[in-house]
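The values are calculated or read from the model by the stated rules, or taken from the named source; none is laboratory data. The structure displayed is predicted, hence computed values, not measured ones. Every residue, glycine as well, gets a Cβ built from its backbone with ideal geometry; the counts of neighbours run over all protein chains shown. Ligands, DNA and RNA are excluded from the accessible area calculation, which covers all protein heavy atoms including side chains. Shrake-Rupley method; radii C 1.70, N 1.55, O 1.52, S 1.80 Å.
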Amino acid sequence: MEATFIKSIADLSVYEKESELLARPEIAVAGRSNVGKSSFINMLTGRKKLAKTSATPGRTRLLNLFDLGSFILVDLPGYGYAKAPKSEIRKWSMLTDGYFARTTRLAHTLALVDIRHEPSELDKRMVSYLYEAGKPFTVIATKADKLSRAACGRAKAVIASALRIGTDDIIVTSALDGTGRDAVLARINSVFETTEDNDGER
């Protein structure tokens, strides 16, 4: 998969201009701090250093845009990093909320949760918002390599129950060994096939 970093954006008006220029559908990646968004993006694209990873939570503070050819991947600021200054947390929240409110090209959201933990209130709020706003999404359970296969199955059921979704709406992944990569790519492909079908019916 050809993938290149485009730019980091701190201002929603800049995002709107960039989105208009790029003129392609967008896939958003959302999740709490330290859920492994950067590692997930690197796994998905097959580029180990495309997205900058860090052991320190809260490093994704901007809208990061990546060109994946047929679509643009939008890495949203991580939420839930309590140690950050409140002013910074507000900025991140405004960027994420503003993105969802202003985007006209969002095709699908990949909502990341850590498979080792029951979804937080912020995770639940994110999924609830996407559902109520009618924005299609798939839940991605990261860090599957940290658990046994049996434990992953149990954790998937816990996540589905907490988020009030079906287990089929959750894809289990591991950036370490590539688990789930093909399934995520297949889900993205199906999103665009559905979009094309709908366009053809108009």
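Can you name the condition, by its number, that Ala101 falls short on among (1) surrounded by 13 or more Cβ atoms within 10 Å (Cβ to Cβ); (2) more than 18 Å from Ser33 (Cβ to Cβ)?
Condition not satisfied by Ala101: (1).
Looking at this structure, is Thr138 at pLDDT below 95 and either surrounded by 13 or more Cβ atoms within 10 Å (Cβ to Cβ) or touching a strand residue (DSSP E or B) at 6+ places or on another chain (Cβ under 7 Å) (or both)?
So Thr138 fails the test.
Could you say which residue among Arg154, Arg125 is within 30 Å of Arg24 (Cβ to Cβ), of a type in the set (Lys, Arg) and either free of Cβ contacts under 8 Å to residues at least 24 places away in the same chain or in a strand (DSSP E or B) (or both)?
After ruling out the rest, the residue left standing is Arg125.
Here is a yes/no grid of residues against (1) in contact with a helix residue (DSSP H, G or I) (Cβ under 7 Å, 6 or more places away or on another chain); (2) surrounded by 16 or more Cβ atoms within 10 Å (Cβ to Cβ); (3) under 18 Å from Arg181 (Cα atoms); (4) modelled with pLDDT under 90:
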| site | (1), (2), (3), (4) |
| --- | --- |
| Met1 | yes, no, yes, yes |
| Ser13 | no, no, no, no |
| Glu18 | no, no, no, no |
| Ser54 | no, no, no, yes |
| Gly58 | no, yes, no, yes |
| Asn64 | no, yes, no, no |
| Gly69 | no, no, yes, no |
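With respect to Leu110, determine if the residue is open to solvent by less than 20 Å² (accessible area, probe 1.4 Å) and in a helix (DSSP H, G or I).
When the stated conditions are applied, Leu110 does not pass them.
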